[in-house]
Amino acid sequence: MIPKYTIEYRTQPHKHAPVKHHSTDDPVACEAFIQELLENRMPIVRIGHEGVELSRAEFDRMIKNAGMMLVSKKICACLEIKPEEERFRFGFAA
């Protein structure tokens, strides 16, 4: 069975570094994993959905959502506020 989402990434910034794979059937878990990759500055090579590479718009939407989750998490930690307050004040919480 093909997993719903597959993320190809590198653990090093070099183009010749081996590509690793992470698969999940949960779109929220997929975005959470992308958030971790962004936070750790790991190059994202490809995101696939049911074996097909995402279109540029879909890829960008997933990256944007993960980025917004990351920003929200950092704001909440730095200001010691809850996600609800962060969303009301800054609008990043998903």
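Please go through the range 1-26 and pick out each residue that is surrounded by 14 or more Cβ atoms within 10 Å (Cβ to Cβ), of a type in the set (D, E, K, R) and within 12 Å of residue 50 (Cβ to Cβ).
Result: 4, single match.
Just name the residue that is farthest from residue 92 (Cα to Cα) out of those in the range 26-64 that are modelled with pLDDT under 95 and acidic (Asp, Glu).
So the residue we want is 50.
Being in contact (Cβ under 8 Å) with a residue 40 or more places away in the chain, over 14 Å from residue 42 (Cα atoms) and assigned to a strand (DSSP E or B) is the filter here, so list the residues in the range 1-28 that pass it.
5, 6
So that you can scan it fast, the table gives a plain yes or no per residue for (1) polar (S, T, N, Q); (2) in contact with a Cys (Cβ under 7 Å, 6 or more places away or on another chain):
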| site | (1), (2) |
| --- | --- |
| 17 | no, no |
| 24 | yes, yes |
| 43 | no, no |
| 59 | no, no |
| 83 | no, yes |
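If only one of 48, 67 is outside any helix (DSSP H, G or I), touching a residue at least 12 places away in the same chain (Cβ under 8 Å), touching a Leu at 6+ places or on another chain (Cβ under 7 Å) and not basic (Lys, Arg), which one is it?
48 is the lone residue from the list that is outside any helix (DSSP H, G or I), touching a residue at least 12 places away in the same chain (Cβ under 8 Å), touching a Leu at 6+ places or on another chain (Cβ under 7 Å) and not basic (Lys, Arg).
The values are calculated or read from the model by the stated rules, or taken from the named source; none is laboratory data. Keep in mind that this is a model prediction, so the values were computed, not measured. As a convention, Cβ positions derive from the backbone with ideal geometry for all residues, glycine included, and neighbour counts pool all protein chains shown.
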